[in-house]
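Let me begin by presenting the structure, written as structure tokens, before commenting on it.
The values are calculated or read from the model by the stated rules, or taken from the named source; none is laboratory data. Nothing here was measured: the structure is a model prediction, and the numbers come from that model. As a convention, Cβ positions derive from the backbone with ideal geometry for all residues, glycine included, and neighbour counts pool all protein chains shown. Side chains are part of the model used for accessible areas, which takes the heavy atoms of the whole protein and leaves out ligands, DNA and RNA. Shrake-Rupley method; radii C 1.70, N 1.55, O 1.52, S 1.80 Å.
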Amino acid sequence: MYTQFFGNFLLNKHLITPTQLMDAIQNKKNIHLKLGVLAIHNGYMTAEEVEQVHFKQTQIDKRFGEIAIEEGFLNKQQVEELLHTQTPDYLLLSQILVDNGYLSMEQFQNAMLEYQSLYELTELDFSHEQSNKVNALIREFYEFDELNDENLREMLYCYITLLFNTIIRFVGDDFTPYPIIKIGAYPINWCVSQKIAGDFSLHTALDMDESTLISFASRYVGENYTSNNEYVRSSMEDFINLNNGLFAVNISNDYSKSLILQPPLTENDVLFVPKAPLYYIPIQFTFGTVNVMFVI
Amino acid sequence: MNLKGLTVLICDDSILFRKQMKDFFTANNCTSIIEVTDGQEAIDAYKENKPDIVFLDIIMPNKTGIEAIKEIISYDSNAYIVMFSSAGTHQYLKDAILAGAHDFLQKPFDPYLVETIIEKYFLSQGGN
């Protein structure tokens, strides 16, 4: 999972220009990933070793993999693995940038390592105990009949894992998630919601009482709000927008799917009756309970 | 960084993000900060104030940031516009750059990234 699109990262680092990025994004469909970029990505070869193999290729007519094996940079098993693993979409982008000479192999290697260390969130962000709870919760979620679509399950798995990561990163890890509840209508207390549309659609929301709202927002922004004002509500909208934005980045990176986020919405004291069933996960924090809701 | 003399237009429906940006610019001696909350207001405020640099959110009610940037650029092709969003996907990035954005910022607010973007702006203007 990534928290920022690689192209944006390269742009902010001044490694490429907007025109170069544009060019790469537009040509992404026509490109094939080459072994060199993959080997660097998997940490099997350095940029320098890849350059050496490229140089050899100008002298002898052999495939990259063959030379890399002869030189002792890769073994047969690694070559097979590289040819068959699924790789993130951002590597395609990198391949074009390298092919077009916008990035050198070495710049790619350094940028990728920095990007991964800064922005990759792994499940290691969870403590073992929290991780077990969340995984149990997701398994339980899958038992609902409507969720027999493999793709849908995978998306939901990404969404829920990311949401817990976002909560841990920006709010805290002093919480306990409770089993998922499915209902037809939900009496909203203070609710911030956002619809995600595009290649996959999901209506997401967080609902809580007023004092929990104030505490959640205070923690998220690092302010000490004492009453429920415009800033508190805006902070909550910012939170859901941030999480869903990261979700869109991950889905764009890992599945090449494009999602559109609608502006977040805050509502108070209404009965929410969605067209499809609503699922919610109660998350009990030390300062109150937040219900995380989904309509699929 | 001394941003005295710089006129900045900040357009976002999030009061939180506007405040974070405003605090950043105020702390850097910038005294000319215009805040608006949707795309149409951004277009109007641009024409009225001719800011040096515009920060424009993509996802907004009424008129989106993409619609706004197109109108601003067609009014003034030299407008220096930075777009931002919490969703830094290649689609958003592509739309923003195609529409003429100079830079793209991913939320949440990060003062270091904003600084980098301002430095880039000054570089493009041929120094400070």
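Go through region B:1-110 and tell me which strands (runs of 3 or more DSSP E), entirely inside it, have 1 or more residues that are under 30 Å from A:ASN253 (Cβ atoms).
Filter on region B:1-110 gives B:7-11, B:53-57, B:81-85, B:103-106.
Of the residues A:LYS62, A:LYS56, only one is away from chain B (no Cβ under 14 Å), in contact with a helix residue (DSSP H, G or I) (Cβ under 8 Å, 6 or more places away or on another chain), outside any helix (DSSP H, G or I) and open to solvent by 40 Å² or more (accessible area, probe 1.4 Å); which?
Details: A:LYS56 fails: outside any helix (DSSP H, G or I).
Residue meeting the stated conditions: A:LYS62.
Could you please give the count of residues in region B:1-45 that are within 13 Å of chain A (Cβ to nearest Cβ), more than 11 Å from the chain's Cα centre (by Cα) and within 24 Å of A:VAL221 (Cα to Cα)?
Count: 11.
With the condition being touching a Gly at 6+ places or on another chain (Cβ under 8 Å) and touching a residue at least 24 places away in the same chain (Cβ under 8 Å), I'd like the strands (runs of 3 or more DSSP E) fully within region A:186-296 carrying at least 2 qualifying residues.
The strands (runs of 3 or more DSSP E) meeting that bar are A:259-261, A:278-285.
Of all the residues that make up region A:215-247, how many are buried (at least 24 other Cβ atoms within 10 Å of the Cβ) and over 19 Å from B:ASP12 (Cβ atoms)?
Total meeting the criteria: 2.
I'm checking my understanding of the structure. Among residues of region A:248-288 that are of a type in the set (Val, Ile, Thr) and open to solvent by less than 60 Å² (accessible area, probe 1.4 Å), which one is farthest from A:ALA185 (Cα to Cα)?
That would be A:VAL249.
Those residues that are open to solvent by 10 Å² or more (accessible area, probe 1.4 Å), closer than 28 Å to A:GLN78 by Cβ and not in a loop (DSSP other than H, G, I, E, B), I need them from region A:1-37; list them, please.
A:TYR2, A:LYS28, A:LYS29, A:ASN30, A:LEU35
Going by what's in this entry, would A:ASP145 be described as more than 14 Å from chain B (Cβ to nearest Cβ), modelled with pLDDT under 75 and in contact with a helix residue (DSSP H, G or I) (Cβ under 7 Å, 6 or more places away or on another chain)?
no
With respect to A:GLY245, determine if the residue is in contact with a Lys or Arg (Cβ under 8 Å, 6 or more places away or on another chain) and not aromatic (Phe, Trp, Tyr).
Yes.
Failed condition for A:TYR90, given (1) away from every other protein chain (no Cβ under 14 Å); (2) of a type outside the set (Gly, Ala, Ser); (3) part of a helix (DSSP H, G or I), with all others met?
A:TYR90 satisfies every listed condition except (1).
Consider region A:175-189. How many of its residues are farther than 16 Å from A:PRO277 by Cα, open to solvent by less than 40 Å² (accessible area, probe 1.4 Å) and aromatic (Phe, Trp, Tyr)?
Total satisfying the criteria: 1.
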